[in-house]
Amino acid sequence: MSGQSELADPPRDGISAIQFAPEHNLLLVSSWSAEVRMYDVLVNMKRAQYTHKAAVLDCCWGTDQNRCFSGGVDRCVKSFDFTSSTDVVVGEHEKAVKTVCWQKELGCCVSGSWDRTMKVWDTRQNHCVATSQLPDKIFTMAVTSNRIVVGTSNRHVWIYDVRNLSEPEQQRESSLKFQTRCIRTYPDGTGYALSSIEGRVAMEYFDTSPATQERKYAFKCHRAQDDKGVDTVYPVNALAFHPSYGTFATGGCDGKVIMWDGENKKRLQAPWSYPTSIAGLAFNPTGAILAVASSYTFEEGDKQAPPDQVFFRSVSDQEVRRRPKQANPA
């Protein structure tokens, strides 16, 4: 694969999530067409698909490439076994399932819903082993080896230690002033990035010591200025960390993808432009390919928009490697 290519036979309705398998170039794509599809990226071919009864809002892989999970407007958490081509309902929420994650340490699927609950599912028996009641709707969720980070409405962030799910380890308020859109954890497990609907990203750390908290910061992105100096500010829908370098990509409703070096507070390259809103981003396991879901997210209401597409961008080391600050000459 060289340069950039486009996924053949993408979903027919809005793309809600994309994710690569842990060790293979297999891509999950969920959509408002009530489908979850799995593609082999290297040959650009759909290998499998299954359906929900309504729009699918998120999807994730399990331990390996043999099983995945999904949730959506039908309130169900489903699993699909690619070896047997069978899907089962793992469990249900009272309202739409907004987000699903696989927590490796627990060996469980975690789901977050608009019913204000986070549920942990033992998928061997399709049984709920823990439920956390939260005060707000769950919008986004991410995991590390030992934590679950939940972003809710009213700008709240709830951090759980997987060894004690009875109560959150930390309760925080977003340092950004507007609604949270996406949370993704750092590859080294020390913190998370949080994006908002108002063109900003916050870089946060789990360690609550004053020295570590001094390192957190936020920055503006995905903005445009007209010839009169008036800013248009776009939601930042998607975040994806490079698996090796810890740099990350942001995707906004401006149809642009930007690579950042969060450690050194630098933009790594000029924005890459796509036909419409960026609905999802995902690096493959080696970090050599970035999948970009270009799919209108209705931030400007119902209007004519470009077709839903997924692009595969080959990225070079120069585009994604950290660039340490240059020492001043003596």
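The values are calculated or read from the model by the stated rules, or taken from the named source; none is laboratory data. Everything numeric here is computed off the predicted structure, so don't read it as measured data. Ideal geometry is used to build each Cβ from the backbone, glycine not excepted, and the neighbour counts take in all protein chains shown. Please note that ligands, DNA and RNA were not included when accessible areas were found on the heavy atoms of the full protein model with its side chains. Shrake-Rupley method; radii C 1.70, N 1.55, O 1.52, S 1.80 Å.
Looking at the stretch 24-43, can you tell me whether even one residue there is farther than 24 Å from PRO307 by Cβ, part of a strand (DSSP E or B) and among the hydrophobic types (A, V, I, L, M, F, W, C)? Checked the stretch 24-43: no residue is farther than 24 Å from PRO307 by Cβ, part of a strand (DSSP E or B) and among the hydrophobic types (A, V, I, L, M, F, W, C). Pairing each residue of the stretch 220-233 that is open to solvent by 80 Å² or more (accessible area, probe 1.4 Å) with any residue that is of a type in the set (Val, Ile, Thr), provided the two are 6+ apart or on different chains, yields C-beta distances under 8 Å for GLN225/THR232. Scanning the stretch 47-62 for residues that are crowded, with 22+ Cβ neighbours inside 10 Å and not in a strand (DSSP E or B) yields a count of 1. When residues in the stretch 63-77 are screened for being more than 15 Å from the chain's Cα centre (by Cα) and either of a type in the set (A, V, I, L, M, F, W, C) or not in a strand (DSSP E or B) (or both), 10 of them pass.
On the given criteria, is GLY287 at positive phi and either in contact (Cβ under 8 Å) with a residue 40 or more places away in the chain or under 18 Å from the mean Cα position of the chain (by Cα) (or both)? Against the criterion (at positive phi and either in contact (Cβ under 8 Å) with a residue 40 or more places away in the chain or under 18 Å from the mean Cα position of the chain (by Cα) (or both)), GLY287 qualifies.
Scanning the stretch 252-298 for residues that are open to solvent by less than 20 Å² (accessible area, probe 1.4 Å), more than 24 Å from LEU26 (Cα to Cα) and touching a Leu at 6+ places or on another chain (Cβ under 8 Å) yields one hit, ASP261. Does ALA305 fit the bill of being aliphatic (A, V, I, L, M) and farther than 14 Å from LEU239 by Cβ? Against the criterion (aliphatic (A, V, I, L, M) and farther than 14 Å from LEU239 by Cβ), ALA305 qualifies. Of the numbered criteria (1) buried (at least 20 other Cβ atoms within 10 Å of the Cβ); (2) of a type in the set (Val, Ile, Thr); (3) under 17 Å from the mean Cα position of the chain (by Cα), the one ILE197 fails is (1). If the condition is being more than 16 Å from THR117 (Cα to Cα), hydroxyl-bearing (Ser, Thr, Tyr) and in contact (Cβ under 8 Å) with a residue 24 or more places away in the chain, then the stretch 158-196 contributes SER174, SER175, THR180, THR185, TYR186, TYR192, SER195, SER196. Taking the stretch 94-123 as the range and being within 24 Å of VAL29 (Cβ to Cβ) and of a type in the set (S, T, N, Q) as the test, the residues that pass are THR99, GLN103, SER111, SER113, THR123. Considered as a group, the residues in the stretch 68-96 that are buried (at least 21 other Cβ atoms within 10 Å of the Cβ) and among the aliphatic types (A, V, I, L, M) include one that is farthest from TRP32 (Cα to Cα), and that residue is VAL90.
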